[in-house]
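The values are calculated or read from the model by the stated rules, or taken from the named source; none is laboratory data. The model shown is predicted, which means the values in this text are computed figures rather than measured ones. Neighbour counts run over all protein chains shown; Cβ positions are idealised from the backbone, glycine included.
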Amino acid sequence: MTDAPILELRNVSKEYHGEPAVRDVDFALAAKEIHSLLGENGAGKSTLTKMIAGVVQPSKGEILLDGQPISFASPAEALKRGIAMVFQETSLVPSLTVAQNIYLGEEKLYNRLRGLYIAAQQFLQSLNFPVDPTADVSSLGAAQKQMVEIARAVHHKARIIIFDEPTATLTPEEKSYFFALVERLRRDGVSIIFISHALEEALAISDRITVLRDGQKILTEAASNLDRDKIITSMVGRTLSNELYKRDGKRVPRPYGRKVLSVQNLSMGKMVRNTSFSIYAGQITGIFGLIGSGRTETAKIIAGVLKRNLFYGGEISKEGERIRFRIPRQAMKKGIVYVTEDRKLEGFFETMTIAENIQVHGLAKSPPEEVIVHRSRFRKLADEWRKRLNIRAIGSNARINELSGGNQQKVVIAKGLVQTPDIVILDEPTRGVDVGAIAEIHQLIGSLADQGLAVILISSYLPEILNTSDRILVCRQGRIVEEFDADAVTEEMIMYAAVH
Amino acid sequence: MIPWLRRQLDNFIGSGDAALAVPPMDGSLKPNRMLDSCDLALEVPAPDDLCLAGDRLVVSSGSDLHDVALADGAPRSQLRSRYESGIAAIAARGASLAVALSNGSIVIEGGPFGGRTYGLPLDGRPPCLTAIAFLDDDRLLVCVGSARYPLEEWQSDLLTRGNSGSVWKLDLGTGEAGRLADGLGFPYGIARTADGQGVLVSESWKHRLLRLRPGSSAAPEVVLDDLPAYPARLHGDGADGFWLALFAPRNQLVEFVIREREYRDRMMAALPRDQWIAPTVRSRGSFLEPLQGGGVRQMGMLKPWAPTRSYGLVIRLDGALVPRLSMHSRADGKRHGTTSCVPLDGRLVVASKGAGELLFCNVGSR
């Protein structure tokens, strides 16, 4: 790392509808530096980096690249100047192949697909990414999409790469690959801005850390001078320390209620193989598994998003009644709601307002009695849920794409709960969500179980599974392989079951 | 017509009753070794049913009735009576002890009806009494497992999807019997509910518990279903809950054999009964025996999760009939074929028919 900044932001501000998202922020990135940006959801991290990457323009202040003021009209322009951004939710084209996505925008007049695939294969291998270049992006899992996104940035020979929550979807093994890649990029002269909610990761790989809160810069310090407590205090303005995932004393799991869901010998292709488990009312059942273990697919079959094998696909019964759904709406009517892990793609209509999103989902359960429903009705319902889930937005008419990740997630959860379900499946509900919002979401999940709902929590983050669940199921290679009581299990036991 | 079409479709695609799906043992039914770690109280040849008569525990074993004295030190057994026919079930109330025999008769020992013998109007069908319980001082509830097979041939009834079982009410004063329910899949346990208003019946082949209301004509109500094993006798736990014994596990292979009619009929016709692919109460340890421990042996060790046709399982149900505790003897255990259990002084007495043992399990704090 050298001291001269290659990128500098001076007194930069950005407002949306008169509401400041970033206020008078100074930021500097040195050559070959890994600089982490930390803060709660809505702190302004994404807005700040979007200004750097040319996605949005600052309302005030200036951006300097190599000492020269710059203003990008589009991300493509920023990419030409060597600034690439790997987004939190991938921005790949799902209908194209991996290779086509990597080389998107560089197409020649005549393109030979075979040559493209060979080049992409070599390139991906050099990054140690096990992704098939001929596969459609729509068929990839979240982690593999992330790899393609990273590969695309590296391919464009960016001098500055901005990673927005790059590790949220990665398994521990994939994370170690990723960090090795980041180190290699740095050695090759690339500067990196790293946004993450995993504070340990930021502390481990960063040279410097900048903390934002409510759109303002709180501190910039060398990572070696900081620790988790200091960062959290700066982020939230209060000392949360390890409260979120602290395991003090013996946890008392909620007792088993009546069995509300029985999954027996469920099978779907190679992803779900003869899996069986039960779900009980008034309890949080955590399902842990590495990416590709079939946990999301199992949940989606239950919720009618995917279909089990037609022949000998097993049985699912809800309170004694056999169920088999063709579409999710049928599941919602039966009181089963699935809150997706991929909120951007499957969770909401991002250009619609909070009120419209919540109302649309409410329609799935029961159509309105009137032919014409007044917008004030939408807003009233949305206001109720905003208050209940503490969704921070200008109003219920705010569009989803103007909200921070945590608040978007709360809208997705509100959309599920508005249907008054009795089984709620939450798939990675705190992925890409800040510490403060995580605590709120966990509290909400707990209150759902206390109200007697059966809650299924799918997560790849062990401390979350351990501290939130009353019982833990471990999924491996398409089936549930182990069950633990939350008060008698350690991270090691869960991980052992997940990989052996 | 529609149900028939539904069945054909289910058979074709493997759904519904033909799904070959078995509920998992998880949650409060998660497997453990608690039955194997219970104290051995007595070795009794094939103990079957249990009941408490005063301060004495009564155990049926073949055609013998034993009294087990618990007063001081180690339990001691004493032959109480011997019958010419096998004993199918027993029940006690006050000084009365009712004994149901495999020949279909019911004998009362002691109490106001002592010495009398009763029978049910079964119209010449094979007697298959499986469980009895006193409804009050004068009336007895009787479960008849099957109208097609005698008790010893219970595997035949299961494999042929038997649903000819019935529950009867027998007036001990007049000897009159009335049917409370029929068309049941092998009712194998019966007990009064704590409020005295209803009767719980375990329906083995349908893996569920039913509630009957003896005073009304209401249809039986399913109160607990989807059990992972075949339920047998149940007894009150002294409060408003119950202890339920389950005598053999369900597994996909047996479900498959039940579904494959032609194969099943040929197997039943051609093979000795103990080599059938069917549940059993004990392992014989013979290499001819199908799938007992299957191929899941490593270094000569039988794994606890190996496929098995016999198992030991006892479940405690709370007042809402939600399972709260379970005690297991798995594939590598031997206390299989648990057909009955009764609570006694903070302990649970379990009859393991497969192991030929009477067990004392400490469950006071659970």
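Restrict the check to the stretch B:55-64 and report whether at least one residue is at pLDDT 90 or above, in contact with a Lys or Arg (Cβ under 9 Å, 6 or more places away or on another chain) and either within 14 Å of another protein chain (Cβ to nearest Cβ) or more than 23 Å from B:Leu234 (Cβ to Cβ) (or both). Taking every residue of the stretch B:55-64 in turn, at least one turns out to be at pLDDT 90 or above, in contact with a Lys or Arg (Cβ under 9 Å, 6 or more places away or on another chain) and either within 14 Å of another protein chain (Cβ to nearest Cβ) or more than 23 Å from B:Leu234 (Cβ to Cβ) (or both). Within the stretch B:228-261, being hydrophobic (A, V, I, L, M, F, W, C) and more than 13 Å from the chain's Cα centre (by Cα) holds for B:Ala239, B:Phe242, B:Leu253, B:Val254, B:Phe256, B:Val257, B:Ile258. A search for C-beta distances below 8 Å between a residue of the stretch B:10-21 that is more than 18 Å from A:Ser262 (Cβ to Cβ) and any residue that is at pLDDT 85 or above, counting only pairs 6+ apart in sequence or on different chains, returns B:Asn11/B:Arg259; B:Ile13/A:Leu310; B:Ile13/A:Phe311; B:Ile13/A:Tyr312. Among the residues of this structure, B:Leu57 does not count as one that is over 28 Å from B:Val363 (Cα atoms) and of a type in the set (A, V, I, L, M, F, W, C). Looking across the stretch B:323-351 at every residue that is among the aliphatic types (A, V, I, L, M) and in contact (Cβ under 8 Å) with a residue 40 or more places away in the chain, the one that is nearest to the other protein chains (Cβ to nearest Cβ) is identified as B:Leu325. For the stretch A:185-195, state whether one or more residues are touching an Asp or Glu at 6+ places or on another chain (Cβ under 6 Å) and under 26 Å from A:Leu7 (Cβ atoms). Checking the stretch A:185-195: at least one residue is touching an Asp or Glu at 6+ places or on another chain (Cβ under 6 Å) and under 26 Å from A:Leu7 (Cβ atoms). On inspection, B:Ser37 does not qualify as more than 14 Å from every other protein chain (Cβ to nearest Cβ), closer than 25 Å to B:Ala232 by Cβ, in contact with a Pro (Cβ under 6 Å, 6 or more places away or on another chain) and not β-branched (Val, Ile, Thr).
The set of residues from the stretch A:268-287 being closer than 29 Å to A:Leu448 by Cα and either of a type in the set (Val, Ile, Thr) or in a strand (DSSP E or B) (or both) comprises A:Val272, A:Thr275, A:Ser276, A:Phe277, A:Ser278, A:Ile279, A:Tyr280, A:Gln283, A:Ile284, A:Thr285, A:Gly286, A:Ile287. As a summary of the residue check, B:Ala147 satisfies the conditions (1) over 28 Å from B:Gly196 (Cα atoms); (2) among the hydrophobic types (A, V, I, L, M, F, W, C); (3) part of a strand (DSSP E or B) except for the one numbered (3). Within the stretch B:69-94, the set of residues being touching a residue at least 40 places away in the same chain (Cβ under 8 Å) and under 26 Å from B:Leu180 (Cβ atoms) comprises B:Gly86, B:Ala88, B:Ala89, B:Ile90, B:Ala91, B:Ala92, B:Arg93, B:Gly94. Taken over the stretch A:283-311, the criterion of being surrounded by 17 or more Cβ atoms within 10 Å (Cβ to Cβ) and at the interface with chain B (Cβ under 10 Å from one of its Cβ atoms) is satisfied by A:Gln283, A:Thr285, A:Arg308.
Each residue in the stretch A:269-282 was checked for being in contact with a helix residue (DSSP H, G or I) (Cβ under 7 Å, 6 or more places away or on another chain) and within 12 Å of chain B (Cβ to nearest Cβ), and 4 pass. Per this entry, A:Val474 is not counted among residues that are in contact with a helix residue (DSSP H, G or I) (Cβ under 6 Å, 6 or more places away or on another chain) and away from chain B (no Cβ under 14 Å). Selection of the stretch B:2-18 for residues being aliphatic (A, V, I, L, M), surrounded by 11 or more Cβ atoms within 10 Å (Cβ to Cβ) and at pLDDT 85 or above yields B:Leu9, B:Ile13. For the stretch A:418-437, the count of residues that are of a type in the set (A, V, I, L, M, F, W, C), closer than 30 Å to A:Asp383 by Cα and either within 14 Å of chain B (Cβ to nearest Cβ) or surrounded by fewer than 20 Cβ atoms within 10 Å (Cβ to Cβ) (or both) is zero.
Would you mind stating whether B:Ser202 is within 17 Å of the chain's Cα centre (by Cα), in a strand (DSSP E or B) and surrounded by fewer than 22 Cβ atoms within 10 Å (Cβ to Cβ)? For B:Ser202, the condition - within 17 Å of the chain's Cα centre (by Cα), in a strand (DSSP E or B) and surrounded by fewer than 22 Cβ atoms within 10 Å (Cβ to Cβ) - is not met. Residue selection: A:Leu266 fails the criterion of being closer than 15 Å to A:Asp422 by Cβ and within 14 Å of chain B (Cβ to nearest Cβ).
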